[in-house]
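**Q** This is the structure, below, for whatever I ask next.
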Amino acid sequence: MRKKMGAAVVGLAVTAVSLLATGSASSHGYTDSPISRQKLCQNGTVADCGNIQWEPQSVEGPKGFPAAGPADGSICSGGNGQFAQLDDPRGGAWPTTKLTSGQSHTFRWQFTARHATTDFRYYITKNGWNPSQKLTRAALETQPFLTVPYNNQQPPATLSHSGTLPSKSGRHVILAVWTIADTSNAFYACSDVQF
């Protein structure tokens, strides 16, 4: 009886994990160039990150940014409360990637599950923004500095594309938005950079 009960519990656990994995993995991804906050948490560079350390690919929220999408102050988490640590500015002390203003940069996404894609858009904070406050639309330039159309195609497991960085100096945040074509969601990734 004990063996049957143990096998039943293991079977239920495997089924539950499988359902959770397939139910939430219709499309997932994050940026690792420049490295995103979620990847810094996942690789242990930043501690006290909560659940995002196990799910760097899961920062999914409503699409339509900036007219729609996550609320101000919860942009880096995609409006997903379980990943709110990504919205914490940590006193402006997130580790940064060093970039050169006006130069070409290769942006790279890693996908754990791929989906038909509308586009990839990259926004950057305005000069004079406050890095010790949560990210808001008012802190970002109104237009993306780079838009990469993807014509409803499915990306490969790793996707790189190049673009010219805007003329900036000092600390900034680059917000990468991956817009999914056939759902109402997008994926969000904040990368702290230093020019």
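**Q** Please report the projected area of the chain's Cα convex hull averaged over all directions, in nm².
**A** 12.0 nm²
**Q** Another question, if that's okay. Total Lys pairs in the chain closer than 30 Å by alpha-carbon, pairs eight or more apart in sequence or interchain only?
**A** 15
**Q** Could you please rank Tyr188, Tyr30, Tyr122, placing first whichever residue has the fewest other Cβ atoms within 10 Å of its Cβ?
**A** With the fewest neighbours first, Tyr188, Tyr30, Tyr122 line up as Tyr122, Tyr30, Tyr188.
**Q** Sort Ser191, Ser104 by Cβ crowding within 10 Å, fewest neighbours at the top.
**A** Fewest-to-most Cβ neighbours within 10 Å comes out as Ser104, Ser191.
**Q** I'd like the orientation of helix 2-24 relative to the chain: the angle between its Cα long axis and the longest Cα principal axis, in ° from 0 to 90, rounded to 10.
**A** On a 0 to 90 degree scale, this one is about 30.
Each reported figure results from applying straightforward, stated rules to the coordinates on display, with no laboratory input. Just so you know, these numbers come straight off a predicted model, no measurement behind them. Neighbour counts are summed over all protein chains in view; Cβ atoms, including those assigned to glycine, are modelled from backbone coordinates with ideal geometry.
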